[in-house]
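Enquirer: First the structure, which I've put down as structure tokens, then a few questions once you've had a look.
The values are calculated or read from the model by the stated rules, or taken from the named source; none is laboratory data. Quick caveat: nothing in here was measured; it's all calculated off a predicted structure. Here Cβ is always computed from backbone atoms with ideal geometry, including for glycine, and neighbour counts include all displayed protein chains. These accessible areas exclude ligands, DNA and RNA; they are computed on the full protein's heavy atoms, side chains included. Shrake-Rupley method; radii C 1.70, N 1.55, O 1.52, S 1.80 Å.
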Amino acid sequence: MKDTRSIDPASLQMLKVARDEGLETAWDRYLAQQPQCGFGELGLCCRNCNMGPCRIDPFGDGPQKGVCGATGDIIVARNLLRMIAAGAAAHSDHGRDIVETLRGVAAGEIRDYTIKDESKLMALAREFGLSTEGETVQVIAKKLAEAALEEFGTRKGYLQGINRVPVKRKEIWEKLGITPRGIDREVVEAMHRTHFGVDNDPANLILHGLRCSLSDGWGGSLLATEFSDVLFGTPRPVRGRSNLGVLSKDAVNILVHGHEPVLSEMLVAAAKDLALISAARAKGASGINLVGMCCTGNEILMRHGVPVAGNFLQQELAIITGALEAVVVDVQCIMPALGQLAACYHTKFISTSPKAKFPGALHIPLDEHNALETARKIILQAIENYPNRDQNRVYIPEETAEYVAGFSVEALLNALGGTLDPLIEAVKNKKIRGIAALVGCNNPKVTQDHSHVNLAKALIARDVLVVETGCAAIASAKAGLLLPEAAELAGAGLAEVCRALGLPPVLHMGSCVDISRILTVAAALARELGVDIADLPVAGAAPEWMSEKAVSIGAYVVASGIFTVLGTVPPVLGSNVVADLLTRQAKDLVGGYFAVETDPFKAAELVIAHIDDKRAAMGI
Ligand code: NFS
């Protein structure tokens with residue numbers, strides 16, 4: 001029988017090894033959870049106070065109210081708002097860490113990092129309205145970081161980042177009262193409103209969810225992206241390799257997994273240290289092979305072309321290759337299962353963030369003030385572990401595919417010759433039908449990468465330019481869609497544009513916080529054309545999403561005016577009121593709205609129909 005857990009041959013091979021070795025993965029645990037809680041699936045259980053837990057009977061026979069009187073509509077809306085708040089918090093706390101690192105570097109307290117992109121620093125300083133005349137880079141960076149830290153608890157009215165959006169969009173947010181004020185404030189208010197006995201109006205709750213998510217997209221995530229560029233360099237097109245075949249049979253393999261580039265950047269630097277390379281050789285290895293996974297993988301892939309071993313569902317499979325000397329993690333999307341699994345091999349599971357400790361992990365905290373030293377210490381742990389590798393248990397799938405990544409807004413503009421005009425022209429003359437942003441995770445509820453790859457292929461074949469981030473982009477990397485040569489899979493118009501500009505039809509724009517790059521391009525396109533973002537022939541999709549961060553992303557993309565298709569079902573179906581708000585009423589309120597479609601081919605039709613409608617409305 002065909003194994004429907006993944007379409008990725010490397011993953012399928014590793015799943016066989018897992019079975020032979022009697023090892024459990026997320027897919028097994030997913031099966032063991034069947035049937036999953038129906039109340040939870042519908043969003044109908046509430047644990048917000050200790051009169052509960054309460055649950056609402058979706059069939060109407062049992063209780064229709066919680067002890068406090070909350071209906072299914074209230075419970076579903078409150079639960080969704082909490083998901084958005086958690087996702088926005090995760091992205092934004094990541095953003096804060098990057099801003100604080102820049103502040104430390106500027107103040108001379110953190111010495112191992114330098115400011116890599118001064119012109120971006122200057123541009124951001126101007127955007128924040130700071131005077132740069134006669135000031136040193138250090139002083140400007142410090143002022144900028146301090147101004148950015150204000151964004152988290154700002155008292156000045158609203159977030160700086162929203163100045164990027166067209167006036168029409170700002171007016172929509174103002175009218176609805178959802179202009180984001182401060183990043184932390186919106187998250188705190190979400191928690192306050194969902195506390196027992198506060199906001200009990202589903203629409204009011206969802207509207208705050210949109211505001212909270214906007215503080216992520218145009219706040220926390222935007223700062224994470226922009227300040228990472230300042231500190232670590234703005235990505236430029238770069239080639240590399242992807243999938244588990246990037247692991248080496250004879251080098252010390254170190255997998256970096258998680259999200260923040262602060263540590264991974266130092267690991268990239270330390271892995272080139274000649275003394276460490278000779279230490280690896282002294283242990284019988286051919287060298288040091290640093291590879292990435294998930295979004296920290298995306299960060300170093302975008303900036304250094306570091307190989308990416310895989311996306312979310314491959315974290316356990318990488319350990320099962322038996323070839324990893326160390327898995328180094330920071331925060332987010334790290335399965336707590338890794339410790340136990342690593343213990344079945346010689347692999348060291350190393351946690352580095354005081355915010356994220358795991359069972360079975362060796363904790364080596366990252367000290368930003370001594371970051372290079374921490375990175376060296378971690379790499380030495382891996383080197384020392386190399387002789388413990390049992391080569392008889394090593395199975396590395398051969399699969400790898402090349403990618404071209406690194407499409408920051410600046411890199412895209414550069415490829416276009418300095419302005420958005422060629423892109424606008426191509427859209428107007430229908431060589432490019434529209435633009436679709438494909439983002440998000442893997443989820444064992446659906447075949448790994450199947451929806452990502454097939455949706456991307458279906459869209460490019462119909463001349464839709466696809467831009468991607470996160471684990472969606474890694475799926476495309478593995479499928480060879482991030483190469484200029486993939487233009488042959490595109491429709492004639494898109495293929496022509498790709499060939500003329502040397503671009504792949506699917507552009508890797510970075511990690512999930514880098515969806516802010518996509519927002520920035522969408523806003524710039526709208527401003528150029530004198531329209532609102534909602535008027536553009538643009539759509540979003542999260543075909544295999546699973547995390548709360550993805551819920552926040554979906555919400556801010558929709559609130560920014562962009563129609564978004566979800567490929568896994570969000571826990572809102574217990575409330576017709578909430579489902580109707582998200583899939584219908586949102587269209588009138590904010591221009592964007594959600595659809596749920598689990599079949600990627602049908603999802604492609606929805607995206608194309610939407611794009612064609614927008615084209616017709618614009619008269620192009
Ligand atoms: Ni995004 Fe990136 Fe991947 Fe999903 Fe997790 S790594 S921040 S949440 S699983 S795409």
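Enquirer: Report every pair of residues separated by at least 6 positions or lying on different chains whose Cβ atoms are under 7 Å apart, first residue within segment 528-555 and touching a residue at least 12 places away in the same chain (Cβ under 8 Å) and open to solvent by 10 Å² or more (accessible area, probe 1.4 Å), second polar (S, T, N, Q) and within 12 Å of the ligand (Cβ to nearest atom).
Expert: Partner pairs satisfying both residue conditions: TRP545/ASN443; TRP545/THR568; MET546/ASN443; MET546/THR568.
Enquirer: In segment 179-192, how many are surrounded by fewer than 22 Cβ atoms within 10 Å (Cβ to Cβ), of a type outside the set (D, E, K, R) and out of contact with any Phe, Trp or Tyr (no Cβ under 8 Å at 6 or more places or on another chain)?
Expert: Looking only at that region, the number is 3.
Enquirer: Taking the condition without any contact (Cβ under 8 Å) to a residue 24 or more places away in the chain and either among the aromatic types (Phe, Trp, Tyr) or open to solvent by 50 Å² or more (accessible area, probe 1.4 Å) (or both), does PRO387 pass? Write out each step before concluding.
Expert: Values: without any contact (Cβ under 8 Å) to a residue 24 or more places away in the chain: no; either among the aromatic types (Phe, Trp, Tyr) or open to solvent by 50 Å² or more (accessible area, probe 1.4 Å) (or both): yes.
Considered against the rule, which asks whether it is without any contact (Cβ under 8 Å) to a residue 24 or more places away in the chain and either among the aromatic types (Phe, Trp, Tyr) or open to solvent by 50 Å² or more (accessible area, probe 1.4 Å) (or both), PRO387 comes out as no.
Enquirer: Still on this model: For segment 571-585, which positions are touching a strand residue (DSSP E or B) at 6+ places or on another chain (Cβ under 6 Å) and either assigned by TED's automatic domain parsing to the domain that holds ASN204 or open to solvent by less than 40 Å² (accessible area, probe 1.4 Å) (or both)?
Expert: Passing the criteria: only LEU582.
Enquirer: While we're here: Being more than 20 Å from TRP27 (Cβ to Cβ), open to solvent by 20 Å² or more (accessible area, probe 1.4 Å) and polar (S, T, N, Q) is the filter here; which residues of segment 309-364 pass it?
Expert: Once the filter is applied, which keeps residues that are more than 20 Å from TRP27 (Cβ to Cβ), open to solvent by 20 Å² or more (accessible area, probe 1.4 Å) and polar (S, T, N, Q), segment 309-364 yields only GLN332.
Enquirer: Oh, and also: When you go through ASN253, ASN200 one by one, which is the residue that is more than 23 Å from the chain's Cα centre (by Cα), in the same structural domain as LEU301 (by TED's automatic domain parsing) and either part of a loop (DSSP other than H, G, I, E, B) or buried (at least 24 other Cβ atoms within 10 Å of the Cβ) (or both)?
Expert: On the way: ASN200 fails: in the same structural domain as LEU301 (by TED's automatic domain parsing).
The unique qualifying residue is ASN253.
Enquirer: Here's a follow-up. If you take the residues of segment 356-367 that are in contact with a helix residue (DSSP H, G or I) (Cβ under 8 Å, 6 or more places away or on another chain) and part of a loop (DSSP other than H, G, I, E, B), which of them is farthest from GLN391 (Cα to Cα)? Before you say what the answer is, go through the steps one by one.
Expert: Of all residues in segment 356-367, those in contact with a helix residue (DSSP H, G or I) (Cβ under 8 Å, 6 or more places away or on another chain) come to 358-362, 364-367.
If we keep only those that are part of a loop (DSSP other than H, G, I, E, B) as well, we get 358-361, 364-367.
On the way: PHE358: 27, PRO359: 26, GLY360: 23, ALA361: 23, ILE364: 27, PRO365: 30, LEU366: 31, ASP367: 34 Å.
Selected residue: ASP367.
Enquirer: Tally up the residues in segment 483-520 that are farther than 25 Å from GLU548 by Cβ and of a type outside the set (Gly, Ala, Ser), please.
Expert: Within segment 483-520, the first condition is being farther than 25 Å from GLU548 by Cβ, and the residues that meet it are 483-507.
Cutting the leftovers down to of a type outside the set (Gly, Ala, Ser) gives us 483-485, 488-489, 494, 496-499, 501, 503-507.
Here the count works out to 16.
Enquirer: Now for a different question. Considering only residues that are away from the ligand (no atom under 16 Å from the Cβ) and on the phi > 0 side of the Ramachandran plot, which ones fall in segment 307-322?
Expert: GLY322
Enquirer: Hey, another quick one. Looking only at residues in segment 390-415 that are aliphatic (A, V, I, L, M) and not in a loop (DSSP other than H, G, I, E, B), which one is surrounded by the most Cβ atoms within 10 Å (Cβ to Cβ)?
Expert: If we filter segment 390-415 for residues that are aliphatic (A, V, I, L, M), which is where we start, we get 394, 396, 401, 404-405, 409, 411-413, 415.
From what is left, the residues that are not in a loop (DSSP other than H, G, I, E, B) are 401, 404-405, 409, 411-413, 415.
On the way: ALA401: 18, VAL404: 22, ALA405: 29, VAL409: 22, ALA411: 20, LEU412: 20, LEU413: 15, ALA415: 17.
Result: ALA405.
Enquirer: How many residues are more than 16 Å from the ligand (Cβ to nearest atom) and either in a strand (DSSP E or B) or of a type in the set (A, V, I, L, M) (or both) if we restrict to segment 566-598? Working first, answer last.
Expert: Pass one, segment 566-598, residues more than 16 Å from the ligand (Cβ to nearest atom): 569, 571-598.
Right, trim to either in a strand (DSSP E or B) or of a type in the set (A, V, I, L, M) (or both) and you get 569, 572-573, 577-579, 581-582, 586, 589-590, 594-596.
Total meeting the criteria: 14.
Enquirer: Which residues, taken from segment 492-516, are open to solvent by 10 Å² or more (accessible area, probe 1.4 Å) and touching a helix residue (DSSP H, G or I) at 6+ places or on another chain (Cβ under 9 Å)? Give the derivation first.
Expert: Looking only at segment 492-516, we keep the residues that are open to solvent by 10 Å² or more (accessible area, probe 1.4 Å), and these are 492-493, 496-497, 499-503, 512.
Answer for segment 492-516, where residues must be open to solvent by 10 Å² or more (accessible area, probe 1.4 Å) and touching a helix residue (DSSP H, G or I) at 6+ places or on another chain (Cβ under 9 Å): GLY493, GLU496, VAL497, ARG499, ALA500, LEU501, GLY502, LEU503, CYS512.
Enquirer: I'd like to check something: does segment 215-225 contain any residue that is in contact (Cβ under 8 Å) with a residue 12 or more places away in the chain, open to solvent by 20 Å² or more (accessible area, probe 1.4 Å) and in the same structural domain as GLY182 (by TED's automatic domain parsing)?
Expert: Step one: filter segment 215-225 for residues in contact (Cβ under 8 Å) with a residue 12 or more places away in the chain, giving 215-225.
Those still in the list that are open to solvent by 20 Å² or more (accessible area, probe 1.4 Å) too: none.
Checking segment 215-225: not a single residue is in contact (Cβ under 8 Å) with a residue 12 or more places away in the chain, open to solvent by 20 Å² or more (accessible area, probe 1.4 Å) and in the same structural domain as GLY182 (by TED's automatic domain parsing).
Enquirer: When only residues in segment 423-439 that are more than 18 Å from the chain's Cα centre (by Cα) and part of a strand (DSSP E or B) count, which is farthest from the ligand (Cβ to nearest atom)? Even if it seems obvious, please write down each step before you answer.
Expert: In the first step, residues of segment 423-439 are kept if they are more than 18 Å from the chain's Cα centre (by Cα); the result is 423-435.
After this cut, where a residue has to be part of a strand (DSSP E or B) as well, the list is 434-435.
Details: GLY434: 23, ILE435: 19 Å.
The residue in question is GLY434.
Enquirer: Which of (1) assigned to a helix (DSSP H, G or I); (2) within 16 Å of the ligand (Cβ to nearest atom) does ASN370 not meet, given it meets every other one?
Expert: (2)
Enquirer: Moving on. Is it the case that segment 323-340 has a residue that's in the same structural domain as ALA382 (by TED's automatic domain parsing), away from the ligand (no atom under 15 Å from the Cβ) and free of Cβ contacts under 8 Å to residues at least 24 places away in the same chain?
Expert: Yes: one or more hits.
Enquirer: How many residues are of a type outside the set (S, T, N, Q) and within 11 Å of VAL328 (Cα to Cα) if we restrict to segment 260-269? Talk me through it step by step, then tell me what you get.
Expert: Our first condition is that a residue be of a type outside the set (S, T, N, Q); within segment 260-269, this holds for 260-263, 265-269.
Now restrict to residues that are within 11 Å of VAL328 (Cα to Cα): 263, 267.
Residues meeting the conditions: 2.
Enquirer: I would also like to ask the following. Based on what the data block shows, is LEU102 open to solvent by less than 30 Å² (accessible area, probe 1.4 Å), touching a helix residue (DSSP H, G or I) at 6+ places or on another chain (Cβ under 6 Å) and either at positive phi or not assigned by TED's automatic domain parsing to the domain that holds MET266 (or both)?
Expert: Details: open to solvent by less than 30 Å² (accessible area, probe 1.4 Å): yes; touching a helix residue (DSSP H, G or I) at 6+ places or on another chain (Cβ under 6 Å): yes; either at positive phi or not assigned by TED's automatic domain parsing to the domain that holds MET266 (or both): yes.
The answer is yes for LEU102.
Enquirer: Report yes if ALA500 is out of contact with any strand residue (DSSP E or B) (no Cβ under 9 Å at 6 or more places or on another chain), in the same structural domain as PHE407 (by TED's automatic domain parsing), without any contact (Cβ under 8 Å) to a residue 24 or more places away in the chain and away from the ligand (no atom under 16 Å from the Cβ), otherwise no.
Expert: Details: out of contact with any strand residue (DSSP E or B) (no Cβ under 9 Å at 6 or more places or on another chain): yes; in the same structural domain as PHE407 (by TED's automatic domain parsing): yes; without any contact (Cβ under 8 Å) to a residue 24 or more places away in the chain: yes; away from the ligand (no atom under 16 Å from the Cβ): yes.
So ALA500 passes the test.
Enquirer: Follow-up question, since we're still on this one. Do we find that PRO444 is in contact with a Phe, Trp or Tyr (Cβ under 9 Å, 6 or more places away or on another chain), open to solvent by 20 Å² or more (accessible area, probe 1.4 Å) and not aromatic (Phe, Trp, Tyr) in this structure? Talk me through it step by step, then tell me what you get.
Expert: On the way: in contact with a Phe, Trp or Tyr (Cβ under 9 Å, 6 or more places away or on another chain): yes; open to solvent by 20 Å² or more (accessible area, probe 1.4 Å): yes; not aromatic (Phe, Trp, Tyr): yes.
Against the criterion (in contact with a Phe, Trp or Tyr (Cβ under 9 Å, 6 or more places away or on another chain), open to solvent by 20 Å² or more (accessible area, probe 1.4 Å) and not aromatic (Phe, Trp, Tyr)), PRO444 qualifies.
Enquirer: Continuing with this model, one more query. Answer yes or no: is there a residue in segment 82-95 that is at pLDDT 95 or above, closer than 17 Å to LEU149 by Cβ and either away from the ligand (no atom under 16 Å from the Cβ) or charged (D, E, K, R) (or both).
Expert: yes
Enquirer: How about segment 136-167: which of its residues are in a loop (DSSP other than H, G, I, E, B) and either in contact with a helix residue (DSSP H, G or I) (Cβ under 8 Å, 6 or more places away or on another chain) or open to solvent by 70 Å² or more (accessible area, probe 1.4 Å) (or both)?
Expert: Going residue by residue through segment 136-167, those that are in a loop (DSSP other than H, G, I, E, B) are 136, 151-159, 165-166.
The answer is THR136, GLU151, PHE152, GLY153, THR154, ARG155, LYS156, TYR158, LEU159, VAL165, PRO166.
Enquirer: Looking only at helices (runs of 4 or more DSSP H) that lie completely in segment 1-113, which have at least 3 residues being closer than 30 Å to GLU186 by Cβ? Write out each step before concluding.
Expert: Working: elements: 9-21, 26-32, 38-42, 72-106.
Result: 38-42, 72-106.
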